[in-house]
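Visitor: This is the structure, below, for whatever I ask next.
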Amino acid sequence: MDSPMLELNDQTFEKEVVQSDKPVVVDFGAVWCGPCKRLAPIVEELAKEYEGRVKIAKFDIDESPQTPAKFKVMSVPTVLFFKGGKPVDMIVGLVAKDALKKKIDPLLS
């Protein structure tokens, strides 16, 4: 099944996030991170729900360490919310879907 979820790295971040005309939600995680694995299906659901309105992406911090360092991502999972190419909000740790939706919905206004 085709997923609306983007996979980002240091090379694609600028184009997909900073230059995006839509709000972007980036889930910073790592393959070895248990809470990241539990957050992944929630983020996938949100990618489907907000498809066409918000870009939702995952970012592997081990494969591309420069971008997480730039945004001071200290632990995973960390979800950053971007509007107009700039970070406007952040959630650190495993959270419920509703908590993420409460951060995404204001980005649409």
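Visitor: Which residue, Val31, Val76, Val92, has the most motion in a Gaussian network model of the chain that connects Cα atoms within less than 10 Å?
Guide: Greatest mean-square fluctuation among the candidates belongs to Val31.
Visitor: Now for a different question. How much FRET efficiency would the formula 1/(1 + (r/R0)^6) give for Glu51 and Ser75, where r is the Cβ-Cβ distance and R0 is 30 Å, rounded to 0.05? Write down the numbers at each step before the final one.
Guide: Working: r = 28 Å, r/R0 = 0.95.
Calculated transfer efficiency: 0.60.
Visitor: With a 10 Å cut-off between alpha carbons and a GNM built on the chain, which of Ala96, Ala30, Ala57 moves the most?
Guide: Ala96
Visitor: Now a separate question. Viscosity 1.306 mPa s, temperature 10 °C: what is the translational diffusion coefficient of the stretch 5-56 from Stokes-Einstein with a Kirkwood Rh over Cα pairs, rounded to a whole number of µm²/s? Before the final figure, lay out the partial values.
Guide: On the way: Rh = 11.8 Å.
Using the Kirkwood radius from Cα pairs, D works out to 135 µm²/s.
Visitor: Still on this structure, I have one more. Translational diffusion coefficient, Stokes-Einstein: compute it for the chain using the Kirkwood radius over C-alpha pairs as Rh, at 10 °C and 1.306 mPa s, and state it as an integer in µm² s⁻¹. Each step should come with its number before you reach the end.
Guide: Details: Rh = 13.6 Å.
In µm²/s, the coefficient rounds to 117.
Visitor: Then there's this: Hey, any idea what % of the chain's accessible area is carbon plus sulfur with a 1.4 Å probe? Don't jump to the answer; show the numbers that get you there.
Guide: Working: 3310 of 6070 Å².
Here carbon and sulfur together make up 54 percent of the probe-accessible area.
Visitor: Using the heavy atoms of the protein chains alone and a 1.4 angstrom probe, what is the accessible area of the chain per residue in square angstrom? Spell out each step's value before the answer.
Guide: Working: 6070 Å² over 109 residues.
That works out to 56 Å² for each residue.
Visitor: Report, in debye and to the nearest 20, how large the dipole of the chain comes out about its Cα centre when Lys and Arg carry +1 and Asp and Glu carry -1 on their Cβ.
Guide: On the way: 16 positive and 17 negative charges, 86 e Å.
Computed about the Cα centre, the dipole is about 420 debye.
The values are calculated or read from the model by the stated rules, or taken from the named source; none is laboratory data. The shown structure was predicted, so the numbers you read here are calculated from the model rather than taken from an experiment. Virtual Cβ from ideal backbone geometry, glycine too; neighbours counted across all protein chains shown. Note: areas computed on protein heavy atoms with side chains; ligands, DNA, RNA excluded. Shrake-Rupley method; radii C 1.70, N 1.55, O 1.52, S 1.80 Å.
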